[in-house]
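First the structure, in the form of structure tokens, and then the observations on it.
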Amino acid sequence: MHDICLAIAQEVQSCSGCDLGYRGLWQKLKHAYKLEVKRETVYFLLSIADPEGMARRRANRLKRCEFNGRGPNWIWSMDGYDKLKPFGFCIHGAIDVANEEGVPTLVRCDDGTGNVVIETLQTSLRDEREDDLSGERSFIYGPSTHNQRIESYWGQLRKNSMNFYTDLFKSMKDEGLFNGREEEKKCFQFCFGHLIQNDLNETRELWNKHHIRKQRYSTFTGKRCSMYRLPEMYDVEDHKKPVDMRAVHALMEEFTEEPQIYDPDFAERALAIMPN
């Protein structure tokens, strides 16, 4: 119990875990800290360690939306997380085509110019002759507020870590420590980039291991990763469409660049002036 209390106190006081609800914290204790604890115990201890935070989260609680797909890879929801973009951090959420060696039946994005390339890639990889939803019909534009799956993910991301960075960067801007100049953005990327990337990786792992609860219109329950990888256990079909991976890699070379957390030239200059 001492280790559990210590871990909860550490998360409450930390930058990235200060806005976690008891369910998210319970997941993090299991997967990040390797601690076995009941969810009710986490609720009780968190109510003692952070009563103000629990009250704030209850006040801001939104009505849960329900979403039901036909099975894995029926539709992939993609979106960009723009809260940190003014400070130099462009974050995008999607399933990796190269890792899956296939594409979904449908891709859904918000109506933004940055998604034109995604539309081109999806429609070119989904051959017109495959099925009734192939080619141009395999891509859907729609308001980001209605893109429930990815919006749900952003909600978890905010609670897990991004609210801290958003509040920190805004306070630095209010104090005159950030004015939006390109060099300042590069400095933020150099100082906070790896921390943010680590929190993104951790949120992804917690999300994939999260247990789906029973919903009104669905009897499926279980861990996301198991439901995705083993659809036959739930008597549903995998709707992934196989693609020629040579074409995928050719398109990646033409349209994408290796992402960098920070500018290496700026990092070299920064390290040169830092004291030993």
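The values are calculated or read from the model by the stated rules, or taken from the named source; none is laboratory data. Note that this is a predicted model, so its numbers are computed, not measured. Cβ placement follows ideal geometry from the backbone for every residue including glycine, while neighbour counts extend to all protein chains displayed. Protein only, heavy atoms only, side chains kept; ligands, DNA and RNA dropped before computing areas. Shrake-Rupley method; radii C 1.70, N 1.55, O 1.52, S 1.80 Å.
Points worth noting:
- Here the range 182-276 has 53 percent of its accessible surface on carbon and sulfur atoms, given a 1.4 Å probe and all protein chains in place.
- Residues whose amide H lies under 5 Å from that of Val107, counting only those 5 or more places away or on a different chain, are Trp76, Phe139, Ile140; hydrogens are built 1.01 Å from N in the peptide plane.
- Restraint check, Lys30/Lys83; Lys85/Lys209; Lys28/Lys209; Lys28/Lys223; Lys83/Lys173; Lys28/Lys83, Cα-Cα greater than 19 Å: Lys30/Lys83; Lys85/Lys209; Lys28/Lys83
- Exposed-loop-free span, longest in the chain, where GluC sites (Glu not before Pro) count as exposed if DSSP calls them loop and at most 16 other C-beta atoms lie within 10 Å: 176-236
- Calculated percent of Cα pairs over 27 Å apart (choose from (1) 51; (2) 44; (3) 39), label: (1)
- Charge dipole magnitude, Cβ of K and R +1, D and E -1 - the chain, Cα centre, debye nearest 20: 1640 debye
- Per-residue ³J(HN,Hα) for the range 102-109, Karplus 6.51 cos²θ - 1.76 cosθ + 1.60, θ = phi - 60°, Hz, x for Gly and Pro: x, 10, x, 4, 9, 10, 10, 9
- Rounded to the nearest 5, the antiparallel percentage of DSSP beta bridges internal to the chain is 55%.
- Relative contact order for the chain: 22 percent, from Cα pairs under 8 Å spaced at least 6 residues apart, divided by residue count.
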